[in-house]
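All remarks here apply to the structure that follows.
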């Protein structure tokens, strides 16, 4: 692979966990997704109301809104997750969406298996975003995904999300580069 050029169009999915339009976590996620699109990836961003799913209940079939998210995750070559820190964890909105991935358990691409997942956590101060990033990492591991080496925990009171634009680009690069490596290994 030469530089950071995508060898084939990969599908990168971004899931952001806040209902507040233009939140710091959503802005950071958009920066990373825009960079991936500039590299030639097909991208889909699901945030706010599109991620506001009914509470996960294993006894019920997924709603059309939940199936939209589930199908997007199944199709994705890589995923970016972003959440503000809510008391040291991810938002209930994002956690509920990830709970719905249980619908993938018996499909050919269960959960987040064998896909790189970039992680973004924002908040006021350092303790919350770092705890949220750790929670996101553990959740991705549990869902059989591979968190990228670079995860972003950003204290938005120190500086806005523009300050971490280079790191957000690098994290998106890691997700896409891993997708390219996986695609090459599947062909070999």
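The values are calculated or read from the model by the stated rules, or taken from the named source; none is laboratory data. Since this is a predicted model, take the numbers as computed values, not measurements. Every residue, glycine as well, gets a Cβ built from its backbone with ideal geometry; the counts of neighbours run over all protein chains shown.
Number of residues in the range 48-72 that are closer than 17 Å to residue 91 by Cβ, in contact with a strand residue (DSSP E or B) (Cβ under 9 Å, 6 or more places away or on another chain) and at pLDDT 95 or above: the value is 1.
Considering only residues that are in contact with a helix residue (DSSP H, G or I) (Cβ under 7 Å, 6 or more places away or on another chain) and crowded, with 22+ Cβ neighbours inside 10 Å, which ones fall in the range 165-179? Within the range 165-179, 168, 171, 172, 176 meet the criteria. Across the range 39-57, which residue is nearest to the chain's Cα centre (by Cα) among those that are within 17 Å of residue 178 (Cα to Cα) and surrounded by fewer than 18 Cβ atoms within 10 Å (Cβ to Cβ)? Looking at the filtered set, the residue picked out is 42. Evaluating residue 71 against the criteria (1) over 22 Å from residue 170 (Cβ atoms); (2) in contact with a helix residue (DSSP H, G or I) (Cβ under 6 Å, 6 or more places away or on another chain); (3) outside any loop (DSSP other than H, G, I, E, B) leaves one unmet condition, (2). The set of residues in the range 8-38 that are free of Cβ contacts under 8 Å to residues at least 60 places away in the same chain, within 14 Å of residue 175 (Cα to Cα) and either under 11 Å from the mean Cα position of the chain (by Cα) or not in a helix (DSSP H, G or I) (or both) contains only 9.
Taken together, 186, 179 contain a single residue that is modelled with pLDDT under 95 and within 19 Å of the chain's Cα centre (by Cα), which is 179. Can we say residue 140 is touching a residue at least 24 places away in the same chain (Cβ under 8 Å), within 21 Å of residue 75 (Cα to Cα) and out of contact with any helix residue (DSSP H, G or I) (no Cβ under 8 Å at 6 or more places or on another chain)? It is true that residue 140 is touching a residue at least 24 places away in the same chain (Cβ under 8 Å), within 21 Å of residue 75 (Cα to Cα) and out of contact with any helix residue (DSSP H, G or I) (no Cβ under 8 Å at 6 or more places or on another chain). Considered as a group, the residues in the range 108-139 that are surrounded by fewer than 18 Cβ atoms within 10 Å (Cβ to Cβ) and modelled with pLDDT under 95 include one that is farthest from residue 157 (Cα to Cα), and that residue is 108. Annotation for the range 80-103: at least one member residue is farther than 17 Å from residue 19 by Cβ and either in contact with a strand residue (DSSP E or B) (Cβ under 7 Å, 6 or more places away or on another chain) or assigned to a strand (DSSP E or B) (or both).
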